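Chemist: This is the structure, below, for whatever I ask next.
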């Protein structure tokens, strides 16, 4: 019916000429115009499908200046390029690379037959804790993750004589989904556990499970468990985490605790850490935040191996693609290392 009315409207633009047409000629004209409208509509639909199927290219450049009393340096913190898209309505993909010191970060396909069951395969963020997956560098309120995330979720994780720098990512398969309109989410995943884009270094596989509950809008409760063994020596790599976040229009409160059993040549060591963060979203451009975080390298010698950081920060987003940040960190370091004050400013440009 709409197409017929559109054809009539186009005919009316001929004015007096339309009045001189016979009924048969008008019907022929209407049929011709209707066919042309259909052809244009089909071309529009085809173009829309093509644009949707085309990969989306995005990324960001992140530069930083840091001063800590012993060091004063500029650093190109991150230069990332991402390609993502939908192959079908039930299959998407993502590839992301770090160009500052080249490494392939993400390379996965995500099959989504149902909301309750999806399958992700490739290299991607390990579904462990809230911060590791839900607060990426461009969403982080403060410049760096808390110490416990760096030390127990892969960014600077020490196991045996190895320091893993896998940015919280691994190679594997993840079954995930949501129930009750997204109120309950789950992940069950299996990984190599050996680092970024490498084959496994033993016959054991690492297993991860996570549940996330959102009882009311903005509030998320999370519980995660990670079990694995690293290297030829099968060093223990066991972690568990509990946490909560309330993220709303004007403020955010987030905290998590992570406990661990980690293998070294001397034996298995118990480690733990936690953080609490609060932020106030002044408006769409400005935000201020503060965080306390603590990490204990070995709970048997807590006083000698514990460090606590106090971080205060401000973020300013003058334009959609630009974010400027300033952080001050006071570090109460491990026994024998004293205190340290660190100042940092950072600029991020996204595209």
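Chemist: Would you mind stating whether residue 273 is buried (at least 19 other Cβ atoms within 10 Å of the Cβ), more than 21 Å from the chain's Cα centre (by Cα) and in the same structural domain as residue 238 (by TED's automatic domain parsing)? I'd like the intermediate steps shown before the answer.
Modeler: Values: buried (at least 19 other Cβ atoms within 10 Å of the Cβ): yes; more than 21 Å from the chain's Cα centre (by Cα): yes; in the same structural domain as residue 238 (by TED's automatic domain parsing): yes.
Taking the combined requirement at face value, the residue satisfies it.
Chemist: Same structure again: Among 168, 193, 223, which is the only one that is closer than 16 Å to residue 260 by Cα and free of Cβ contacts under 8 Å to residues at least 24 places away in the same chain?
Modeler: Just one listed residue meets the conditions, 223.
Chemist: Answer with yes or no whether residue 118 is farther than 24 Å from residue 329 by Cβ, modelled with pLDDT of 95 or more and in contact with a helix residue (DSSP H, G or I) (Cβ under 6 Å, 6 or more places away or on another chain).
Modeler: Values: farther than 24 Å from residue 329 by Cβ: yes; modelled with pLDDT of 95 or more: yes; in contact with a helix residue (DSSP H, G or I) (Cβ under 6 Å, 6 or more places away or on another chain): no.
Criteria not met by residue 118.
Chemist: A follow-up question, please. Tell me, which strands (runs of 3 or more DSSP E) wholly within the range 151-244 include 2 or more residues that are within 21 Å of residue 102 (Cα to Cα)?
Modeler: 162-164, 169-179
For (1) over 29 Å from residue 337 (Cα atoms); (2) at pLDDT 95 or above; (3) out of contact with any helix residue (DSSP H, G or I) (no Cβ under 9 Å at 6 or more places or on another chain); (4) assigned to a strand (DSSP E or B), each residue gets a yes or a no:
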site: 269; (1), (2), (3), (4): no, yes, no, yes
site: 287; (1), (2), (3), (4): yes, yes, yes, yes
site: 304; (1), (2), (3), (4): no, no, yes, no
site: 316; (1), (2), (3), (4): yes, yes, yes, yes
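Chemist: Select from the range 122-139 the residues that are in contact with a strand residue (DSSP E or B) (Cβ under 9 Å, 6 or more places away or on another chain) and either exposed (fewer than 14 other Cβ atoms within 10 Å of the Cβ) or in a loop (DSSP other than H, G, I, E, B) (or both) and list them in ascending order.
Modeler: Answer for the range 122-139, where residues must be in contact with a strand residue (DSSP E or B) (Cβ under 9 Å, 6 or more places away or on another chain) and either exposed (fewer than 14 other Cβ atoms within 10 Å of the Cβ) or in a loop (DSSP other than H, G, I, E, B) (or both): 126, 127, 128, 129, 135, 136, 137, 138.
Chemist: Moving on to the next point. Yes or no: residue 73 exposed (fewer than 10 other Cβ atoms within 10 Å of the Cβ) and modelled with pLDDT under 65?
Modeler: The answer is no for residue 73.
Chemist: Please give the number of the condition residue 347 fails out of (1) out of contact with any helix residue (DSSP H, G or I) (no Cβ under 6 Å at 6 or more places or on another chain); (2) surrounded by 13 or more Cβ atoms within 10 Å (Cβ to Cβ); (3) not in a strand (DSSP E or B).
Modeler: (3)
Chemist: Which condition number does residue 239 fail, the rest of (1) farther than 28 Å from residue 299 by Cβ; (2) in contact with a helix residue (DSSP H, G or I) (Cβ under 8 Å, 6 or more places away or on another chain) being met?
Modeler: All conditions pass for residue 239, except number (1).
Chemist: Take the residues in the range 271-285 that are free of Cβ contacts under 8 Å to residues at least 60 places away in the same chain and in a strand (DSSP E or B), then tell me which one is nearest to residue 130 (Cα to Cα).
Modeler: 276
Chemist: Considering 101, 89, which residue is under 23 Å from residue 136 (Cα atoms), exposed (fewer than 14 other Cβ atoms within 10 Å of the Cβ), modelled with pLDDT under 95 and more than 18 Å from the chain's Cα centre (by Cα)?
Modeler: Of 101, 89, the one residue that is under 23 Å from residue 136 (Cα atoms), exposed (fewer than 14 other Cβ atoms within 10 Å of the Cβ), modelled with pLDDT under 95 and more than 18 Å from the chain's Cα centre (by Cα) is 101.
The values are calculated or read from the model by the stated rules, or taken from the named source; none is laboratory data. Bear in mind that the values here come from a model prediction, so they are computed numbers and not experimental data. So basically every Cβ, Gly included, is an ideal-geometry build from the backbone, and we count neighbours across all protein chains shown.
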